[in-house]
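Working notes, beginning with the structure itself.
The values are calculated or read from the model by the stated rules, or taken from the named source; none is laboratory data. All values derive from a computational prediction rather than experimental measurement. Cβ: placed from backbone, ideal geometry, glycine included. Neighbour counts: every protein chain shown.
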Amino acid sequence: MKTAFVTGASSGFGRAICQRLVANGYRVIGGARRMEKLQALERELGDNFIPLALDVTDVNSINAAVAQITEAAPGIDLLVNNAGLALGVERAQVSSAENWQRMIDTNITGLAMVTHAVLPQMVKADSGMIINIGSIAGTYPYPGGNVYGASKAFVRQFSLNLRADLAGTRVRVSNIEPGLCSGTDFSVVRLNGDMAAVDALYRDVQAILPEDIAATVAWIAEQPAHVNINTIEIMPVAQTSAALNVVRDLPAC
Ligand code: NDP
Ligand code: 8X3
């Protein structure tokens, strides 16, 4: 039986990815801070889902989690680096330094340190797969995207650089870059619980769903061992990239 380690398993994509992987025959270890949500998922999924307290911004928590997994399973076949968050939609010049720090700690440092803790055992086994959850925000800039988008650009480049370092091994790395997705806590967190703003964001739009991302993870994971999916960008049909912005009333220099 293959073992998967999914970070950010307590809601949204992570939860759907755990459900899909368990259905596909994996033993899944799901990490997050909200243990009660993970325990509810354990009740739903049974023995093949193992909840694990994990704060990816705390290196001791990461090391303890990986040690616990290594004790419970022979090795991690699949790491899904999904834990992440956006905080705020304000323009850079008026945004909160604390929010910037938390996004950097979670989306960049957290993802890198989880990878750092898991990678040696995959290289030793000369097998394994890492699927990172980036975002279209890492490619397409938009007002208010500032540090969030930049953190997801890190995820893209880090994924490609890992591939470069892993040349000569059979360890695979992929980056999934989703666009607008409903049915997760992402926008509730980003908009600080302003449910009217959350509802407005998804109004009259058929967004992609966590199940679509889970299906993408499952598809990547079932590719033959000689195939590496580098990057997948996935958007709702209703979302496209906008034209470059031109400000027409700016006084001449
Ligand atoms: P959710 O808010 O539903 O899920 C985020 C998950 O990350 C939660 O399980 C949360 O668990 C976990 N998490 C946050 N901080 C930490 C931490 N410090 N340590 C451990 N776990 C943490 O949002 P989504 O499912 O939508 O987001 C999942 C990923 O997908 C993120 O990386 C996000 O950037 C990305 N994404 C989302 C898109 C969308 O439109 N929804 C589009 C593109 C990318 P807990 O709070 O219990 O710790
Ligand atoms: C989140 C996707 O479109 O909200 O990563 O920026 S979007």
Could you tell me how many of the residues in the range 143-194 are within 10 Å of ligand 1 (Cβ to nearest atom), assigned to a helix (DSSP H, G or I), in contact (Cβ under 8 Å) with a residue 24 or more places away in the chain and not basic (Lys, Arg)?
5
All-but-one check, residue 168 against (1) more than 16 Å from ligand 2 (Cβ to nearest atom); (2) touching a helix residue (DSSP H, G or I) at 6+ places or on another chain (Cβ under 8 Å); (3) at positive phi, failing number (2)
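Conditions (1) buried (at least 22 other Cβ atoms within 10 Å of the Cβ); (2) within 16 Å of ligand 2 (Cβ to nearest atom); (3) modelled with pLDDT of 95 or more, marked per residue:
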| residue | (1), (2), (3) |
| --- | --- |
| 55 | no, no, yes |
| 86 | yes, yes, yes |
| 108 | no, yes, yes |
| 112 | no, no, yes |
| 119 | no, no, yes |
| 135 | yes, yes, yes |
| 140 | no, yes, yes |
| 151 | yes, yes, yes |
Could you run through the range 110-141 and say how many residues are within 13 Å of ligand 1 (Cβ to nearest atom) and more than 13 Å from the chain's Cα centre (by Cα)?
3
Selection within the range 177-190 - away from ligand 2 (no atom under 11 Å from the Cβ) and crowded, with 19+ Cβ neighbours inside 10 Å
none
Taking residue 229 as meeting all but one of (1) assigned to a helix (DSSP H, G or I); (2) under 24 Å from residue 107 (Cβ atoms), write down the number of the exception.
(1)
Residue ID - surrounded by the fewest Cβ atoms within 10 Å (Cβ to Cβ), chosen from residues in the range 153-164 that are farther than 16 Å from residue 114 by Cα and of a type in the set (Gly, Ala, Ser)
164
